[in-house]
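Asks: Mind having a look at this structure? Questions to follow.
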Amino acid sequence: MSRLAVVLFNLGGPDGPQAVRPFLFNLFNDKAIIGAPKPIRWLLAQWISRKRAPLAQEIYAKLGGGSPLLGLTRAQAQAIETRLGGEARVFIAMRYWHPMTEETVAEIRRFAPERIVLLPLYPHYSSTTTGSSLQAWRRAAGDLVAIPTSEICCYPTLPGLIEALAQGARQGLDQAAKAGRPRLLFSAHGLPKRMIARGDPYQAQIEMTARAVVAKLAIADLDWTVCYQSRVGPLEWIGPATLDEIDRAGQDRVPLVVLPVAFVSEHSETLVELDIEYRDHARKAGVPAYVRVPALGTAPAFIDGLVSMIQAARPGLDSASHSRDCPKGSGLCPRKDRA
C-alpha cells in the first residue's frame, strides 16, 4: 500500500470553560454559518459568542467543562488506522477548535504521504459541515494539493452505517417495548429552511438514511418518523421538531426510542440535549418510556464501512462513486474528487 494519509473532519468542541467563547466565535465567524460580509460577520460573531458563552459553559459543565468529541474522534481514528494497517495514518482536522485544519496540514506535510483521502465524519452532506470543512482544507493545504487526493462527500446509505444504526435501533426498540409499542424517532441536527431551498441535500439524505434503517429492521408496521433538534435563532427551520414529536408521543402515550441519525459521536447535542433536556421534557409530557440509542462511535460495522470507502477511494474519480445515492449530476454530492 502506498503511504496514505486519511483526514477525518469533524466539528470540534471546546476543551475547557476558557475555550467556549473562542470556539463559538470560530463557529459563527464561518461564512457557511453566517453569510454576511466579512466585517459584519466578524462583529456578529463577537456579539453572538459573548452572548451565548455563559449558557454554553453551563451546558459543557454537565460534561466536565468541555466537549468529549476530540477523544471520541481519536478512538475512531485509531480504529480505522488499525484496520487499514500498512503505511496508513489517520489524522483529525476539527473545524472550530483544535486540532484545526492548519495544524493538521502541518502534521501531514511531515508525514509526506503519497496519497490523501478526505473523509468527513458527517454521513450527510451540508454546506455548513462537510462543505465548510473541505473549503477550509483547500485554503490550508498549500503544497499538499499536488498529492493525489480523494474527497468523500457523503455516505447516507453506506451499508456499514445502516447496519450499525439498525443494531442500535433494534436494541432500543426491544428495551422500550416493555412499556408498550414504541415509536422510533430519527433525530438529526436541524438546518434553516432557506438552506434546503438553496439546494442543500442534507434533509433528503437524512431521510434516505432513515428509510434504509427501517428497511434493514424489517419490522412490520414500525411506527417511526424523522425529526430535527438544536434549533437556534429566529429563522424558520426544517421540521418536525424533535420536541414536538416528544409532545405527540406523550399525547399518544407511546414509548419513544430516539436514534441520533446524523451524529456519529457523542457530544453536547446527545449527552445534554437528548439525554438530559429532552428526557426531562418527555417525562413531563407523559411519555411512558424514553430510550436514547448511543451514537455509533467505534461500532465495528460503522468502522468497517468507513474503511471500505477509504480503500475504494481513487483520485480522479467522482466522489459520488462511493455512494449509489449520490449519482453524478444528481446534485447530492456537490464536489468531485481532485487529483
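Asks: Between a first residue in the range 189-217 that is assigned by TED's automatic domain parsing to the domain that holds Val257 and a second residue that is among the polar types (S, T, N, Q) and assigned to a strand (DSSP E or B), which pairs have beta carbons less than 7 Å apart while being 6 or more apart in sequence or on different chains?
Replies: From the range 189-217, the pairs are His189/Gln229; Gly190/Gln229.
Asks: Take the range 279-301 and flag every residue that is over 17 Å from the mean Cα position of the chain (by Cα), under 19 Å from Phe186 (Cα atoms) and in a loop (DSSP other than H, G, I, E, B).
Replies: Hits for the range 279-301 are Val287, Pro288, Ala289.
Asks: Still on this model: Quick check on this structure: which one of Arg138, Arg110, Arg89, Arg83 is of a type in the set (Lys, Arg) and in a strand (DSSP E or B)?
Replies: Among Arg138, Arg110, Arg89, Arg83, only Arg89 is of a type in the set (Lys, Arg) and in a strand (DSSP E or B).
Asks: In the range 79-88, which residues are of a type outside the set (Val, Ile, Thr) and under 15 Å from Val264 (Cβ atoms)?
Replies: Ala79
Asks: Same structure again: Could you tell me which residue of the range 48-80 is farthest from Asn29 (Cα to Cα), considering only residues that are charged (D, E, K, R) and assigned to a helix (DSSP H, G or I)?
Replies: The first filter runs over the range 48-80 and keeps only residues charged (D, E, K, R), leaving 50-52, 58, 62, 74.
Filter again for assigned to a helix (DSSP H, G or I), leaving 50-52, 58, 74.
Numbers: Arg50: 13, Lys51: 14, Arg52: 14, Glu58: 22, Arg74: 26 Å.
Out of the qualifying residues, it is Arg74.
Asks: Mind checking which residues of the range 129-149 are among the β-branched types (Val, Ile, Thr), crowded, with 17+ Cβ neighbours inside 10 Å and under 18 Å from Glu114 (Cα atoms)? Let's see the steps before the verdict.
Replies: Step one: filter the range 129-149 for residues among the β-branched types (Val, Ile, Thr), giving 129-130, 145, 147, 149.
Restricting the remaining residues to those that are crowded, with 17+ Cβ neighbours inside 10 Å gives 129-130, 147, 149.
Ile147, Thr149, listed by residue number.
The values are calculated or read from the model by the stated rules, or taken from the named source; none is laboratory data. Quick caveat: nothing in here was measured; it's all calculated off a predicted structure. Neighbour counts run over all protein chains shown; Cβ positions are idealised from the backbone, glycine included.
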